Amino acid sequence: MDLFNSAFGENITFVRPAYFIISGFTGIPNIKYYYVFLFFVYVISVLGNTVVMVIICLDHNLRTPKYVAVFNLAFVDLFGSSSLVPKVIDIFLFEHSYISYNDCLTFMFFCYTCLSMQALNLVALAYDRLVAITFPLHYHGKVTHRFMVSLIASFWVFVIIVTLIAVGLLTRLSYCKSVVINSYFCDHGQVYKLACNDKTPNTIIGNLLPVLILWLPLVFILFSYSFIVFALSKVSTVQERLKAFKTCTAHLSLVIIYFLPILVTFTMSANIHPNARIINLSLTSVFPPMLNPIIYVLQTQEIKVSVKKILKFKMHSKLAVMERVLK
């Protein structure tokens, strides 16, 4: 992080606190039950995403470009939940609200990296559906394993660089007033607003981040579905339209679950109570990782077929073992 300081000037002394205090909710009795609830959501998320990843690894029929993106989404959900929820529970349930300066920046980096990758994973899946429906004859030529892996890898590189810049710029700030962060984690906006020196670069990157990791992905997804609807309008029968659109329902569900709460929070941030903002953002962080695997298992035919095959194989294996024992 010192690279950022040397790039902007020499012999500058920055006042960095030994720790920050994450305030969380204020004035809500029995709030600990909410963190217990988050823990159970986290457990379901870990189990669900692990199951999806294992199914994709075990079934060779799911080794397709689409499921490269689905596997990465499950990995990001698992990694993101594990980066956020255990630390939040440690801070509030076990009352360790003090977090060191370096730990806070590290916590922030992992949270924002995973949150950003969730949005860009939805972009990759939107592109997959766009090509599959609008250019079905060219799908296997345009969406290959190599292309999807390269796309996902480029998203990871982009997100890591952007997040490193945002977090690195915080090391140029001096904190000479309050060290209380009015959030449930080391929120970038709440941290840089505590600074008492020039925070113009932080304000710029703070305004740019939502555009890069929220609005642009959403615009691309909306344009994708506009083209998909236009392409389906040319299909002759209603049954064929519904059959084609049914392949998009799982992805559309994920888009709504991820973007709707965040958009509500960002558009109403000036009028929303801090406690309501924390509830909205915390649920946005933990609910999509929990619901994503459930949606894909219930709404995706290939995964349902794969689950049935794996369960049938295990049942036959158990029966074979029992027959050998009886003999």
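Using the Cβ-Cβ distance between F135 and Q301 with R0 = 22 Å, the FRET efficiency computed as 1/(1 + (r/R0)^6) comes to roughly 0.55. Other residues with beta-carbon under 11 Å from the beta-carbon of T134 carry, at +1 per Lys or Arg and -1 per Asp or Glu, a net charge of +3. A dipole drawn for the range 168-309 from +1 and -1 charges on Cβ atoms has a positive end, and of A250, A195, I221 the residue lying farthest that way is A250. The structure shown yields mean projected area of the Cα convex hull in nm², and of the options (1) 16.8; (2) 25.8; (3) 22.6 that calculated value carries the label (3).
Estimated from the Cβ-Cβ distance and a Förster radius of 30 angstrom, the FRET efficiency linking D90 and I204 is about 0.35. In terms of overall dimensions, the range 141-221 has a Cα radius of gyration and Dmax of 16.6, 58 angstrom. How large is the dipole of the chain about the Cα centre if only Lys and Arg carry +1 and Asp and Glu carry -1, each at its Cβ, rounded to the nearest 20 debye? Taking the Cα centre of the chain as origin, the dipole is about 1260 debye. Solvent-accessible area assigned to carbon and sulfur over the chain amounts to 69 percent, based on a 1.4 Å probe. Its Cα centre serving as origin, the range 143-272 has a Cβ charge dipole (Lys and Arg +1, Asp and Glu -1) of approximately 200 debye.
I221 sits among other residues whose Cβ lies under 13 Å from its own Cβ, and their net charge, with Lys and Arg +1 and Asp and Glu -1, is 0. Each residue, Y19 and H60, gets one label point 7 Å from its Cα in the Cβ direction; the gap between the two is 5.6 nm. Full extension of the segment from N102 to Q239, taken as 0.36 nm per residue of separation minus the current Cα-Cα distance, would add 43.6 nm. To the nearest 10, the accessible area of E302 is 90 Å² with a 1.4 Å probe.
For the chain, the per residue solvent-accessible surface stands at 53 Å², with DNA, RNA and ligands left out and a 1.4 Å probe.
On the basis of the beta-carbon distance and an R0 of 35 Å, C196 and T267 show a calculated FRET efficiency of 0.75. Once you keep just the Cα pairs under 8 angstrom separated by 6 or more residues, what percentage relative contact order results for the range 1-156? With pairs under 8 Å counted, the relative contact order is 30 percent. Applying 0.36 nm per residue to the separation of S154 and I44 and subtracting their alpha-carbon distance, the gain on full extension is 36.6 nm. Summing Lys and Arg as +1 and Asp and Glu as -1 over all other residues whose Cβ lies under 11 Å from the Cβ of L194 gives a net charge of +2.
The values are calculated or read from the model by the stated rules, or taken from the named source; none is laboratory data. Here the structure is a predicted model, which means the values were calculated and not measured. All Cβ positions, even for glycine, are placed from backbone atoms using ideal geometry, and neighbour counts span all protein chains on display. All accessible areas refer to the heavy atoms of the entire protein, side chains included, with ligands and DNA or RNA removed. Shrake-Rupley method; radii C 1.70, N 1.55, O 1.52, S 1.80 Å.
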